[in-house]
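Just below is one structure, and these are the notes that go with it.
The values are calculated or read from the model by the stated rules, or taken from the named source; none is laboratory data. Keep in mind that this is a model prediction, so the values were computed, not measured. Positions of Cβ are generated from backbone atoms using ideal geometry, with glycine treated the same way; all protein chains shown enter the neighbour counts.
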Amino acid sequence: MRRRERLALLAALAWLTGCATSSLDLAPPAPNVPWTPPTSSAGAILAGKPAAASAPKSDGYVLPANTTAVGDLAPSADLEKSHPYTLAELIDVAQSHDPSTRAAWESARDAALATGIAKTAYLPSLSASVVGAYQTGNNNLTVSGTHGSLNGSAQGVISALSLQWLLFDFGERDANVSAAEQLSVIANIGFTAAHQQLIYRVALA
């Protein structure tokens with residue numbers, strides 16, 4: 001039974017630690033792969049996992065057009081190549097090696113992990129504690145002119161295992177998860193913006 005209990009405890013711990021990493025799919029899949037966000041019918045970016053595989057993939061680091069947004073972005077200027085490499089090749093090299101895109105990708109992954117951590121609030125909390133003690137004593141006694149000593153020692157270990165599970169919190173966990181998902185969207189937008197800025201710099205170089 002003890003072996004089964006240990007295996008069950010290890011399995012539970014492995015399941016709990018995997019909750020955060022399960023939300024990594026909220027972030028872009030790689031530092032040089034465009035992020036394809038889920039959108040509403042109007043083009044607004046929604047929180048959640050990337051668009052389904054059947055959805056059209058992004059050809060570049062361009063955010064979807066939002067028809068409800070005020071104003072339109074000015075189209076980027078077309079620059080002629082002035083280098084043996086084409087502009088697309090230069091951009092690809094820059095995106096693969098520039099530290100700003102790597103940092104933006106890591107930030108997006110951190111935000112996705114934070115979403116997974118926020119979701120762990122729905123799970124039970126398991127805590128264990130162990131307290132050990134050791135005591136020795138030495139008493140000298142004199143009875144009717146006779147001297148003697150009394151030696152003693154005691155030791156003990158107390159272990160405790162507690163399980164807590166919050167069932168009702170009046171929407172606090174839902175709000176925290178929703179806020180974390182929105183922060184993940186912001187980080188993904190920052191990831192796209194980092195690539196847009198890099199493309200702009202390469203195009204002007």
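Brief remarks on what is shown
- Among (1) in contact with a strand residue (DSSP E or B) (Cβ under 6 Å, 6 or more places away or on another chain); (2) surrounded by 13 or more Cβ atoms within 10 Å (Cβ to Cβ); (3) at pLDDT 85 or above, the one test that Ala128 misses: (2)
- Cβ-Cβ contacts under 7 Å between residues 6 or more apart (or on different chains), taken from a first residue in region 110-121 that is within 23 Å of Leu167 (Cβ to Cβ) to a second residue that is outside any helix (DSSP H, G or I), are listed as Thr115/Ser23; Gly116/Ser22; Gly116/Ser23; Lys119/Ser23.
- Set side by side, the residues Leu183, Leu161, Leu141, Leu150 differ, and just one is surrounded by 10 or more Cβ atoms within 10 Å (Cβ to Cβ) and either part of a strand (DSSP E or B) or modelled with pLDDT under 85 (or both), which is Leu161.
- Breaking point among (1) more than 28 Å from the chain's Cα centre (by Cα); (2) modelled with pLDDT of 90 or more, for Asn176: (1)
- For the criterion of being surrounded by 15 or more Cβ atoms within 10 Å (Cβ to Cβ) and modelled with pLDDT of 75 or more, Thr86 fails.
For (1) in contact with a Leu (Cβ under 9 Å, 6 or more places away or on another chain); (2) on the phi < 0 side of the Ramachandran plot; (3) modelled with pLDDT of 65 or more, each residue gets a yes or a no:
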position: Arg2; (1), (2), (3): no, yes, no
position: Ala27; (1), (2), (3): yes, yes, yes
position: Pro31; (1), (2), (3): no, yes, yes
position: Ser41; (1), (2), (3): no, yes, yes
position: Ile45; (1), (2), (3): yes, yes, yes
position: Pro50; (1), (2), (3): yes, yes, yes
position: Ala53; (1), (2), (3): no, yes, no
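- Under the condition of being under 24 Å from Ala47 (Cβ atoms) and among the aliphatic types (A, V, I, L, M), the residues counted in region 178-205 number 9.
- Conditions (1) farther than 22 Å from Ile186 by Cα; (2) out of contact with any Leu (no Cβ under 8 Å at 6 or more places or on another chain); (3) modelled with pLDDT under 85: number failed by Ala94: (2)
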